[in-house]
1. Just 376, 406, 305 to compare: in a GNM of the chain, with alpha carbon springs under 10 Å, which one fluctuates most?
2. Checking a compactness column here: for the range 281-374, what do you get for Rg(Cα) / (2.2 N^0.38 Å), N being the number of residues?
3. Let me have the 222 nm mean residue ellipticity of the chain computed from DSSP H runs of 4+ only, each contributing -39500 (n - 2.57), with the sum over all residues rounded to the nearest 500.
4. Need one number: convex hull volume per residue for the range 372-419, Cα atoms only, in Å³.
5. Give me the accessible area per residue for the chain, probe 1.4 Å, as a whole number in Å².
6. Would you mind computing Rg(Cα) / (2.2 N^0.38 Å) for the range 266-312, counting N as its residues?
7. How large is ³J(HN,Hα), in whole Hz, for each residue of the range 245-251 in order, when computed from phi with the Karplus curve 6.51 cos²θ - 1.76 cosθ + 1.60 and θ = phi - 60°, using x for Gly and Pro?
8. If you place +1 on the Cβ of every Lys and Arg, -1 on the Cβ of every Asp and Glu, and leave all else neutral, what size is the dipole of the chain about its Cα centre, to the nearest 20 Debye?
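The values are calculated or read from the model by the stated rules, or taken from the named source; none is laboratory data. All values reported here derive from a predicted model rather than from experimental measurement. Counting neighbours? That spans all protein chains shown, and the Cβs are built from the backbone with ideal geometry, glycine included. These area figures cover heavy atoms from the full protein model, side chains too; ligands, DNA and RNA do not enter into them. Shrake-Rupley method; radii C 1.70, N 1.55, O 1.52, S 1.80 Å.
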Amino acid sequence: MIPLLIYIIIFVAAFFIVTKVVQGAGLSDYTSLKTVTFGDESAVRPNRAAGIISILTIFLMWGIFTGSSLLPGFLHAPGPFEGTTSFTYTAQAEGQAPDDATVTVVVHPREVDTEAPEVEPGDGFAKNDSVAIAQWRTGLINVDRNDEITKKDGAEVIAINGEKIAPGETVKVEGGAVTLSDKGTPNFEPIRGWQMEPLYLPAPEKVWSRTLVIASEGFRNFTLLEHLGYSLFRVVLGFVLGALVGIPLGYAMGLSDWFRGWFDPIVEFMRPVPPLALIPLVIIWAGIGEAGKIILLFLAALWIMAIAARSGVSGVKISKVHAAYSLGASKWQIMRYVIVPNSLPEIFTGARVAMGVCWGTVVAAELVAAEQGAGMMIMTASKFQNTDIVIMGIILIGVIGFGIDMLMRWAERILVPWKGKG
C-alpha cells in the first residue's frame, strides 16, 4: 500500500505541476483547441512530459525501495535492521527463583557470513547466549542449550525484557521482535523495514552491472545478442506465419457466410485458450525442437490476426461499397480499393496485439529444451535465484517489444494515413 500511495502522490503532483503550471500557457494549435476528444484519434496526443516522468517515477520507486546507491540516502525507504541488539529473557524452574539471562543478536547482511560473538555466561542457572541472524530472516534461539536447568527439567521462559510472555505471543524489542513458539523457544525476527530484499528485487545498479557482465562474457555459452536474436527470430517467424494464415482466414470469414459459419466456432473457441495451455500438446505433436516453439508462437498470433481481419472487413461502411458500385466498380475493385484499405487499421491494431502476445509467449516457448533465447535465460536464472538476470531479461524483452510496437506504429502512419479520418 505504501508504494502505491507514493506513486499516486507523484502522479497527482506531476499532473498539476505539468498541466497547470508548466503548460498552462502551452500550445494553442488546432489540435490542442479541440473540445471533443472522442471519435477523433488526432484529438488526444500523448503528453511527452507525462511519459518521461512516468518512466523516471518507476526507476525512482525502484531505487527508493531497494536502497539504491544511485539515490541520496534521505530518499531511501527505511531499510532492514543491521547491527547488534540484545534482549533479556526470564526463565522459571520449579524450586528455583526466576533467573534472567541476556541474548546478544547480531543481524548481518544475507551475503556476509557472520559468526555469533562470544559472551560471558553469567551467574545463575540461566546463561547468556548469542546468535547471528541474516537480514529478512528469523531465528529460533535455543536459550536453554547452555542453561543449567533446561526445558526437560521443567524450565520455561516467562518474560522478555520484563514483559510477560506465553507461547504464541510476541514482544517487541530493540531491532526486532521476539515470539515464543508453541514449545516455548524464543524466535527473533529483525525489523524488515520497507525495502525489498535483494533476493526478490535487486537495486537498479545491480541489474545494470550484471547486464554489462553478461554482455561481455555471455550466458551459458552464448552472447547476450545471440540470446536476444534467437528470441526475436522465433517471435517474428511465428507472427509472420500467423498473419499469413490468419489475415486471409479473417477476410474469408468477413466476406462469406459459409466461411463465417464454418470457422467462427473454431476461432471463437481457440481465442480464449492461452498459448501456455497448448505447450503439452505442441510437444506431443512437434517435439521439443525449434518446430514446436514456432508452432506455439504461430498459434498465439493466428487467432488474433483472424479476428482482427474479420473485424476490419465487417466494419467497412456499406455506404462506401454502394458508392463504389454506383461508379461501376467490379467486385475485385471493391476488394482492392474499398475492403482492403478500410480493414487495414484493424489489422494493424491486431498485429500489434499479436506481437505483444507472442513476446509474452516466447518465455514459455523457450522453456522446453531451449539452449538460446531470452526466455531460456530468464527461466534458467530463476532456478538459481539470480533475480538480477531475470529482471534484466524482462527489461530487454520489454524494450525490444516496445521498439517493435513503435516501428509498427510508424509503419501504420506511413501505410495507413487515412486511419481515424472517416
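1. Sorting by GNM fluctuation, first place goes to 406.
2. Values: Rg = 19.0 Å, N = 94, 2.2 N^0.38 = 12.4 Å.
Working it through for the range 281-374, the quotient is 1.53.
3. Working: 12 runs with 203 residues, N = 422.
Only helices count here, giving -16000 deg cm²/dmol.
4. Numbers: hull volume 3.1 nm³, N = 48.
Taking the convex hull of the Cα positions in the range 372-419, it is 65 Å³ per residue.
5. Numbers: 24430 Å² over 422 residues.
Using a 1.4 Å probe on heavy atoms only, each residue of the chain averages 58 Å².
6. Values: Rg = 11.6 Å, N = 47, 2.2 N^0.38 = 9.5 Å.
Computed over Cα atoms of the range 266-312, the ratio equals 1.22.
7. Running phi through 6.51 cos²θ - 1.76 cosθ + 1.60 with θ = phi - 60° gives 8, x, 5, x, 5, x, 4 Hz.
8. Numbers: 32 positive and 38 negative charges, 734 e Å.
Dipole about the Cα centre, nearest 20: 3520 debye.
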